[in-house]
1. Quick one: work out Rg over Rh on the C-alpha atoms of the chain, Rh as Kirkwood radius.
2. Between Ser99 and Leu9, what's the calculated FRET efficiency when r is the beta-carbon distance and R0 is 30 Å? Round to 0.05.
3. Where the centre of each part is set by its Cα atoms, how far does the range 147-173 sit from the range 89-113, in angstrom?
4. Over all directions, average the projected area of the Cα convex hull of the range 113-174 and note it in nm².
5. Output the relative contact order of the chain, whole-number percent, from Cα pairs under 8 angstrom with separation of 6+ residues.
6. Simple spin-label model, 7 Å along Cα-to-Cβ: Phe58 to Arg20 in nm?
7. Provide, as a two-decimal number, the C-alpha radius of gyration of the range 79-155 over 2.2 N^0.38 Å, N being how many residues it has.
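Computed from the coordinates by the stated procedures, all read-outs in this text should not be read as laboratory data. Remember, predicted model here, so these are calculated numbers, not experimental data. All Cβ positions, even for glycine, are placed from backbone atoms using ideal geometry, and neighbour counts span all protein chains on display.
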Amino acid sequence: MAKLHVRRLGLARTLWTEGRWRPETTARFTWDSDFGRRTDNGIGFGDGFHELEGALSFISREDPLVFFGTLGYRARFEDGGTKPGDQVRVNLGSVVALSPTASLSVSSDNIVFEETEVGGSALRGSDGLAASISLGASVVLTRRALLNITGSVGVTDDAADYALSLSVPVRFGP
């Protein structure tokens with residue numbers, strides 16, 4: 001039987017709602033655990049380091065478009081003498097509503113990462129910029145759940161060539 005491990009846990013809180021000249025702003029804090037193997041037969045499964053991330057997300061609506069952006073910082077912690085470089089993330093994009101329950105999105109995700117340190121010494125060339133372009137589609141499943149499918153293409157050497165994401169965000173509370 002497969003074991004279930006919490007890989008990532010986050011909390012978010014809306015700081016203020018959208019006003020005439022002010023975007024809706026949400027603060028998010030996320031812990032990414034070090035559960036799981038780092039590699040299996042040379043294939044990577046996450047990086048196996050504890051990480052804490054803080055981010056501010058901004059949303060502004062101009063029906064049927066929604067513009068969004070995120071600015072975040074991820075602190076990555078040392079394990080076994082290796083400390084991956086911290087990261088700064090900037091994400092910008094837009095969503096267009098196709099109907100009351102379906103939408104399409106396009107975004108640019110950019111991550112600047114610092115050098116990795118091993119045994120207290122920086123690994124030259126381990127810093128960089130990972131930039132990608134994403135296209136996605138979403139559909140409302142229930143009043144509190146959404147299905148989101150996103151595909152990404154890397155535009156810098158440090159980004160993954162391709163990625164596919166499937167998520168089902170669930171809203172709790174009123």
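1. 0.99
2. On the way: r = 33 Å, r/R0 = 1.09.
It comes to 0.35.
3. Here the two parts' Cα centres lie 10 Å apart.
4. Computed as one quarter of the Cα hull surface, the answer is 6.8 nm².
5. Details: 410 pairs, mean separation 20.0, N = 174.
Relative contact order for the chain comes out at 12 percent.
6. Result for the modelled spin labels: 1.9 nm.
7. Details: Rg = 18.0 Å, N = 77, 2.2 N^0.38 = 11.5 Å.
Here the answer is 1.57, to two decimals.
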